[in-house]
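In what follows, a structure is listed as structure tokens, so that the remarks can point back to it.
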Amino acid sequence: MIFRHCISFLLLMVCMLLLPLTARADGMVSELTLSLSTDKACYSPGSTVTFTSEGTVPEGKTLFVRYRHGNDIIQKDAFTFTQGKTWKWQPPTNDFVGYLVDIYYVEDTKEHILGTIAVDVSSDWTRFPRYGFVAEFDNYSGTIDKNANIEAEMKYLNRLHINGVQFQDWHWKHHRPVKFDENGNFVAWYQDVSNRWIGTEYVKKYIEVQHRYGMKSIFYNLCFGAWKDYETDHVSAEWGLYKKDSNGNLYQDYHGLPSSWQSNIFLMNPGNPNWQNYLMDRNGEVYANYDFDGYQIDQLGGRGDVFEKNGNMIDLQYNYRLFLKAMKGHRKDKRLVMNCVGGYGTHDICDAKLDDGTRTVDFCYNEVWDTQPSFESLYEIIKSNDKESDHSLQTVYAAYINFDKADHAWDFADQNVNTPGALLTDAVMFAIGGSHLEMGDHMLTREYFPAAPLAMSDELKTALVRYYDFLTAYQNWLRGVSSKAAYSAHVSVNGNTVKAWPPQANSIVTFAKTVGNSDVVHFLNFSNTSDLSWRDLNGTRQKPTRKNNLAVTIQTNRKVSKLWVASPDSHAGAVQELSFEQIGNQLTFTLPSLEYWTMVVMEGESQIYLTGEAVKKDGYGAYDLSQAIPLNKASGGNVYKTTVYLKGNELFKFTDGRDWGYCKSYCSEYENYQFNSHIQLAHLSTFGNDYKFCVPESGYYDITINLDSMRIVVKKADPMAIEGVTLDVAANKDHAPWYSLAGDRAPNPHKGIYVKKGRKVVFK
């Protein structure tokens, strides 16, 4: 149910956040008696964070507040608690960084965690979008204190670090969002298409409160919607979108709505310039009367064959591209988001750019339906969005949990959202690098946002705070790199079935990604379910059995220097650094716990090798890794370089080790990707097809691999640059080894080109 009473809502929130939890693992104890909050959902670099703490703490204990980025402690201070205590913190000025702040004390060498909260420092909210919604703008004739409700609702969204809010069904007519009277005066109250009353003061109040919290306010509308009376408002039927009946006669396409509503929605051609200009004028009225930050654009998925009124067939997906270019070109200062309904139009939406290269949409937004029901399909969406946006845009899912239960809520004794279904879906979405549009004044379970057939339990509300803290605090490990950094990890857990992504029934499932100098392995608990659909249609998913102290072995070529874990299900996301043993390629440790989701981060150096037909040596197989050529790690950053002779039109790729049983490959996103004088840059991929690179002609090439950005540069070596190397290195004043350009050790270099400490040297 929608929260109608501000006081009861606030009391509920206080109670749920003070629920004590007790769990012990690896020197850490969860007490969680403090509820922490911040004054904003996200912060610009250089801003000051204001915290507030409520709750209780044990007497006589020395408390500390700690600010961490991953496992790195940024700052630690003594902390004195009083009820309602506020204090300030100045984060580092680094942009696009997540932090976790915890309050704790130490007793008997164990850290007792009293409370945690995340902080996001980002100059642009679309880098890590956490999208929410609002859809109720009525005070029910004075029966509720709507302003108080708005404050309470946004306080909760702020606690979830929601940084963008979509305004659903806020407008008057779809083709005339803002209502004016016959004298041109702004109308204070009107009814939307479903006959719900909308108060403009409450729309404005939501925007004002959201901006106070640092959130952005985005208005919703279709890209092609018009009411039945559109011609009276100077919209021409010539601009419409048409279909053909069985006799070949044209009729205007429309979306049918209940007969009691004000109108069906008649569709216009989004590529028609006259319609675009008309709607840009209407959007100008929106921005003139409301302080919105952008436009959430909707569509209706595939419509089959569609036509102009003159009978010419229309490429609807391409016309979405034209629509986006027109809207962005009209107001470059405003943000655009467009729905890829069931994946329809993904290419033309995520790839659309202005002539100057400006992308039209600011992140990818996918309303996910029964055509994409599996957990596996969620990652396929991210991969598709990544590729179509040249790996520049994040993904937000509009995905409705417990859809069938919500449709027949009255048939269920329990009319709550199923907590295990919601949490496992969020765990997977967050672990694979996405976020979930699900939270407003209720949790979304239907595509009609005002509908709230299912309520949220206190347990779910508490858990969501932990999950969104986790999504925010660890955003640099979860969403800092795109899908091309994913790989299949080799993991075993004593006494348990472990499967690498995609999920399999009755298994612990791992999803792995390389992030800078770390490998990140997510453990997802599917061990007691055969249901591999994120939808949990009837709310039947069972809570997974919590597993404790799991003996884990991971095969890795990385020389691990530090290992740490974190989980939204344990210690409110606080980091636990673990001891481990590494012998060769085998790294073993004890995983403290796994309920829904635990993240393991292995920090340390790696090595990159070149292999393939292009560098095959006589007498050896093309992919004999014992002959693979090592790249040299450059100083600073996660960059590797070499200069090597490549055979023209022969394939090559890269690995992180010399054993095919354990190493991961760094490949191309496209088959037989060819570098030439015009194309020197490409993306690296560690997941999916074993696609390779090539060059058109034989010769020496400079190769640079950046594992932070997962990009590779290959270009012809410059002989002048090689000749210009100073000879102080050539004089062999230190004991660093020499290598040939083929990567072989050269103890006694003579005439030719050699590499030492990453620098090319010529001996004449």
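Applying the criterion of at least 1 residues that are under 19 Å from GLY343 (Cβ atoms) and polar (S, T, N, Q) to the helices (runs of 4 or more DSSP H) found wholly in the range 360-436 leaves 375-388, 419-431. Give the residue that is surrounded by the fewest Cβ atoms within 10 Å (Cβ to Cβ), with candidates limited to residues of the range 360-371 that are more than 18 Å from the chain's Cα centre (by Cα) and not acidic (Asp, Glu). Among those that are more than 18 Å from the chain's Cα centre (by Cα) and not acidic (Asp, Glu), it is THR371. Residues in the range 442-463 that are in contact with a strand residue (DSSP E or B) (Cβ under 7 Å, 6 or more places away or on another chain) and either within 26 Å of ALA574 (Cα to Cα) or polar (S, T, N, Q) (or both): MET456, SER457. Quickly run through the range 563-594 and pick out the residues that are charged (D, E, K, R) and surrounded by fewer than 20 Cβ atoms within 10 Å (Cβ to Cβ). Selection gives GLU577, GLU581. Evaluating SER665 against the criteria (1) surrounded by 14 or more Cβ atoms within 10 Å (Cβ to Cβ); (2) more than 25 Å from ASP386 (Cβ to Cβ); (3) polar (S, T, N, Q) leaves one unmet condition, (2).
If the condition is being part of a loop (DSSP other than H, G, I, E, B), of a type in the set (Gly, Ala, Ser) and closer than 29 Å to ARG196 by Cα, then the range 96-147 contributes ALA135, SER141, GLY142.
Here HIS391 fulfils each of the conditions (1) modelled with pLDDT of 95 or more; (2) touching a Ser or Thr at 6+ places or on another chain (Cβ under 8 Å) apart from (1).
When PHE266, PHE219 are checked against the criterion of being of a type in the set (A, V, I, L, M, F, W, C), within 15 Å of ILE297 (Cβ to Cβ) and in contact (Cβ under 8 Å) with a residue 40 or more places away in the chain, a single residue qualifies: PHE219. Inside the range 461-510, residues that are over 18 Å from TYR666 (Cβ atoms) and assigned to a strand (DSSP E or B) make up a count of 10.
Scanning the range 128-142 for residues that are free of Cβ contacts under 8 Å to residues at least 24 places away in the same chain and either of a type in the set (S, T, N, Q) or on the phi < 0 side of the Ramachandran plot (or both) yields one hit, SER141. One residue stands out in the range 27-66 among those that are among the charged types (D, E, K, R) and touching a Leu at 6+ places or on another chain (Cβ under 8 Å): the one that is surrounded by the most Cβ atoms within 10 Å (Cβ to Cβ), namely GLU31.
Selection within the range 310-359: residues that are in a loop (DSSP other than H, G, I, E, B) and in contact with a Ser or Thr (Cβ under 9 Å, 6 or more places away or on another chain). The member of this set that is surrounded by the fewest Cβ atoms within 10 Å (Cβ to Cβ) is LYS332.
Among PHE449, PHE430, which is the only one that is over 30 Å from LEU707 (Cα atoms), aromatic (Phe, Trp, Tyr) and at pLDDT 95 or above? Don't jump to the end; show me each part of the working.
Working: PHE430 fails: over 30 Å from LEU707 (Cα atoms).
Answer to the check: PHE449.
Of all residues in the range 568-602, those satisfying the criterion of being out of contact with any Lys or Arg (no Cβ under 9 Å at 6 or more places or on another chain) and closer than 16 Å to VAL509 by Cβ are TRP597, THR598, MET599, VAL600.
Return the residues of the range 124-158 that are acidic (Asp, Glu) and either at pLDDT below 95 or more than 30 Å from ARG359 (Cβ to Cβ) (or both); say none if nothing qualifies. Correct list: GLU136, ASP138, ASP145, GLU151, GLU153.
Number of residues in the range 663-685 that are without any contact (Cβ under 8 Å) to a residue 24 or more places away in the chain and closer than 16 Å to LYS484 by Cα: the value is 3.
Residues considered: THR38, THR50. Of these, the only one that is in contact with a His (Cβ under 9 Å, 6 or more places away or on another chain), of a type in the set (Val, Ile, Thr) and not assigned by TED's automatic domain parsing to the domain that holds ARG130 is THR38.
The values are calculated or read from the model by the stated rules, or taken from the named source; none is laboratory data. Computed from a predicted structure; not experimentally measured. Note: ideal-geometry Cβ built from the backbone for every residue, glycine included; neighbour counts use all protein chains shown.
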